[in-house]
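Engineer: To start, I am sharing the structure in question, which I have written as structure tokens.
The values are calculated or read from the model by the stated rules, or taken from the named source; none is laboratory data. What you see is a predicted model; the values in this text were computed from it and never measured. Cβ: placed from backbone, ideal geometry, glycine included. Neighbour counts: every protein chain shown. Surface accessibility is based on the protein's heavy atoms, side chains included, excluding ligands, DNA and RNA. Shrake-Rupley method; radii C 1.70, N 1.55, O 1.52, S 1.80 Å.
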Amino acid sequence: TISVLNDFTVTPNHLLTIGMDYQKDHVKSNEAFTVHSRNNWGVFAQHQATLGKLEFQQSLRHDDNQQFGSRVTGGIGWSYPITENIRLLANFGSAFKAPTFNELYFPGFSNPNLRPEDSRSYELGTRGKTDWGNWSLNAYETHIDQLIAYDSSIFAPANIDKARIRGLEGVLSAQIKGWQFNTNLTLLDPINRSSGPDRGNILPRRAEQSFRLDADRQFG
């Protein structure tokens with residue numbers, strides 16, 4: 001992977017980033033892969049601005065994938081402080097994800113007919129800071145076309161026409177008596193939205209509830 005970017009400070013409150021990247025995938029294996037290499041060219045731009053108390057960000061990206069053609073993705077974000085220590089935020093973004101070589105061609109566990117994923121995500125949240133640490137609470141919803149997921153009926157990955165994932169995530173970090181604590185709680189509602197008998201089912205291999213706690217301390 002090669003990536004080059006440049007930041008332009010248009011004014012003290014406006015930052016423009018322009019760049020490009022190149023990715024080359026190459027497989028060298030004793031297994032008989034149908035395709036051995038592919039490349040992806042990408043160009044992107046991002047604008048970050050501060051307008052009074054409002055923070056604003058917008059981005060745009062174009063990918064040219066050797067296998068799957070061109071895709072345009074982008075995003076827009078907004079945040080605003082409601083108090084000195086609490087900030088509201090809203091985000092929208094689109095994404096493109098090509099299947100990996102293993103998902104496409106690995107002998108005995110692959111599907112050469114896989115299509116890439118396209119998704120759109122919406123997020124609303126708030127974050128804050130206190131004397132003892134930081135916290136955030138975010139709700140989001142993602143709509144995915146051609147989701148790549150494991151299909152137990154064929155023992156290989158397959159595309160799910162449409163999927164919807166709703167999530168609520170809380171993050172808390174605090175320093176207590178020399179210890180640094182970081183916690184993360186995620187509640188998911190990952191649903192198959194494609195037509196057919198699986199409509200309304202939970203998406204495979206996705207936890208509906210997850211919790212993580214990290215505790216760190218330095219001695220000396």
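Engineer: Within the set of other residues whose C-beta is less than 10 Å from the C-beta of Phe101, count the net charge using Lys and Arg as +1 and Asp and Glu as -1. Each step should come with its number before you reach the end.
Structural biologist: Working: positive: Arg38; negative: Asp25, Glu103.
Net local charge, Phe101 excluded: -1.
Engineer: On full extension of the chain, what length is gained from Arg164 through Arg199, given 0.36 nm per residue of separation minus the C-alpha to C-alpha distance? Spell out each step's value before the answer.
Structural biologist: Numbers: separation 35, 0.36 × 35 = 12.60 nm, distance 1.08 nm.
The Arg164-Arg199 span can extend by a further 11.5 nm.
Engineer: On to the next question. Would you tally the net charge around Asn134, using a Cβ to Cβ cut-off of less than 12 Å, leaving Asn134 out, and scoring K and R as +1, D and E as -1? Working shown, then result.
Structural biologist: Values: positive: Arg87, Arg127, Lys129; negative: Asp131.
Net of charged neighbours comes to +2.
Engineer: Now, a different point. How much length is gained on full extension from Phe219 to Tyr122, taking 0.36 nm per residue of separation minus their Cα-Cα distance?
Structural biologist: Contour length minus Cα-Cα distance gives 30.7 nm.
Engineer: Using R₀ = 41 Å, calculate the FRET efficiency as 1/(1 + (r/R₀)^6) where r is the Cβ-Cβ separation of Lys177 and Val43; round to 0.05.
Structural biologist: So, using R0 = 41 Å, E works out to roughly 0.25.
Engineer: Between Tyr122, Tyr22, Tyr140, which gets the highest mean-square fluctuation from a Gaussian network model of the chain, Cα cutoff 10 Å?
Structural biologist: The residue with the greatest mean-square fluctuation here is Tyr22.
Engineer: Okay, moving on. To the nearest 0.05, what FRET efficiency results for Arg206 and Val4 with a Förster distance of 45 Å applied to their C-beta separation? Each step should come with its number before you reach the end.
Structural biologist: Details: r = 36 Å, r/R0 = 0.80.
For Arg206 and Val4, the calculated efficiency is 0.80.
Engineer: Then there's this: Tell me the per residue accessible area of the stretch 109-220 using a 1.4 Å probe; a whole number in Å² is fine.
Structural biologist: 64
Engineer: While we're on this one: Take the alpha-carbon centre of the stretch 178-220, take the same for the stretch 56-117, and report the distance between them in whole Å.
Structural biologist: 20
Engineer: Give the average over all directions of the projected area of the C-alpha convex hull of the stretch 111-182, one decimal, in nm². Provide the component values of the computation, followed by the final result.
Structural biologist: Numbers: hull surface 29.2 nm².
Hull-based average projected area comes out at 7.3 nm².
Engineer: Need the full-extension length gain, Asp189 to Gln66, defined as separation in residues times 0.36 nm minus the C-alpha distance. One decimal, nm.
Structural biologist: Details: separation 123, 0.36 × 123 = 44.28 nm, distance 3.42 nm.
40.9 nm is the gain from fully extending Asp189 to Gln66.
Engineer: What net charge do the residues around Gly74 carry, taking every other residue with its C-beta under 13 Å from that of Gly74, with Lys and Arg at +1 and Asp and Glu at -1?
Structural biologist: Its environment carries a net charge of +1.
Engineer: Give the calculated FRET efficiency between Trp132 and Lys53 to the nearest 0.05, with a Förster radius of 22 Å applied to their Cβ-Cβ distance. It would help to have the intermediate numbers written out before the result.
Structural biologist: Working: r = 25 Å, r/R0 = 1.13.
So, using R0 = 22 Å, E works out to roughly 0.30.
Engineer: Hull surface divided by four, with the convex hull built on the Cα atoms of the stretch 35-127: how many nm²? Could the numbers behind the result be given before it?
Structural biologist: On the way: hull surface 31.2 nm².
Quarter of the Cα hull surface area: 7.8 nm².
Engineer: On the accessible surface of the chain, probed at 1.4 Å, how many percent belong to carbon and sulfur atoms?
Structural biologist: On the chain, the fraction of accessible area on carbon and sulfur atoms equals 54 percent.
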